[in-house]
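Following: one structure in structure tokens, then a few remarks.
Throughout, read-outs are computed from the coordinates displayed, never taken from laboratory work. The structure displayed is predicted, hence computed values, not measured ones. With ideal geometry, Cβ positions are generated from the backbone for all residues, glycine too; neighbour counts draw on all protein chains shown.
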Amino acid sequence: MLIAGIVGLFIGLFVFDYFVAGIPILSVVSLIVVIAGFTSKQKEQPIPTIQIPQQLHCQNCGTPIHPGHKFCTVCGAPNPYHNMGQPQPAPMQAPVAPTEGYTPQPETLQGIEVSTGDNLIRAFMNLFAPRAPMAEVSNAVYEKMDPVGIMGNMKLLLVSAVLFVGFYALFFGGQAYAIINSNLFYFLATYSVALIYLIIIYRTDKYEKEPFKFIVFIFVSGVACGIIAAPINDLIGPIFQAALGNAALIGPFTEEPLKALGFYYLVTRKQFSKEFNTPLDGIVYGFAAGMGFFAMENFIYYLNPQVGGPELLLLRSFLLWGHGVWVATTGLWLAIAKTQRGYLKRSDLIPGMVVAIFMHFMWNGWQGWLGVDMGWIALGGQLIFQFWYMRKIIREALRDEVLWGYGQGMAPVE
């Protein structure tokens, strides 16, 4: 890897000197590879061990059982350990008036201090180098979401339905039904492809699958953000076309923050935040948002009278699943910060989102920098890289969950 990075620097600085825009791009990518090469040369550290809660077993069938469960998940026998050892509420005390200049601070959950700058560096390094196992974590990894009831579930699904229908009503106006109905096969095909990709990633969550209602809401939020992204891209795209020769380069800077907006809103709500507590949660939620945007954008491109059609839809269905990978990176590093500290700050969005914008920017820029033929080769290379990268971060996230005892029945399954 180190040698590959050095060779890439040489090519970027000397061989492709007539690709003026390509020099900084190739050089930055190659520098990352060089740094990752140095990192991979370091002596591999053994996987650390952490203290997990004492393992309990069902007295009826012997299956590992979580103290938060009322019944055994295998045989259904009552759990005698339910709520044992949980702290009792402290006696109520008279409230103390805050002093002047006092700022309320979030509750610290036995976590560690998180540096946005350090996580930004680690996020770029993680593009190529392995991420170290997470031994120092908060007790957020064992928290369970409080029950929200049937009405809470229905409310989230209802909001999702309104967002989905509202997007197409606003985007197409009074012609929405006629347009979708006349292209119903391609509309359904577009969303079917997105859901197949999403199911593949969802099934990798072995120990604590995310609630269906959350996945639906975040998927639809990825669809709905197009109502904001489209006019912004149309407004600012000509500026990028005039300055950089490629209007598509505006996309990463508008689309990545908007795609992350829906799942960030969800995981910061008090009633839902405990469900967002592992890196794999961030990957799954981010990928869901990206697939919603992927399906929406593909159908819009299919309808384009100048470049659209079934052939373009088929091509984009095979190539543009990177939308999910990019937002999954944002979600991954947001979840890492939550896991480390125990709660989220707005600045925790920065590390993963910067890397997501970088990958999206490269994808949109290759053919403008290298020409059509070389650009297709570069796109193919990035496509292979994204497949490898997605597989890598999922395996690293699963490794962390095993380290925390999830494989031994300690996952906080609702």
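Looking only at segment 265-287, residues that are buried (at least 24 other Cβ atoms within 10 Å of the Cβ) and not aliphatic (A, V, I, L, M) come to 9 in all. Scanning segment 136-165 for residues that are under 13 Å from Met296 (Cα atoms) and in contact (Cβ under 8 Å) with a residue 24 or more places away in the chain gives Leu163, Phe164.
If you go through segment 232-247 and pick out every residue that is buried (at least 17 other Cβ atoms within 10 Å of the Cβ) and of a type in the set (Gly, Ala, Ser), you end up with 2.
The helices (runs of 4 or more DSSP H) located wholly in segment 187-301 that include 1 or more residues which are closer than 20 Å to Trp333 by Cβ occupy 212-224, 251-267.
Across segment 294-311, a minimum of one residue is classified as within 28 Å of Tyr202 (Cβ to Cβ), surrounded by fewer than 16 Cβ atoms within 10 Å (Cβ to Cβ) and over 23 Å from the mean Cα position of the chain (by Cα).
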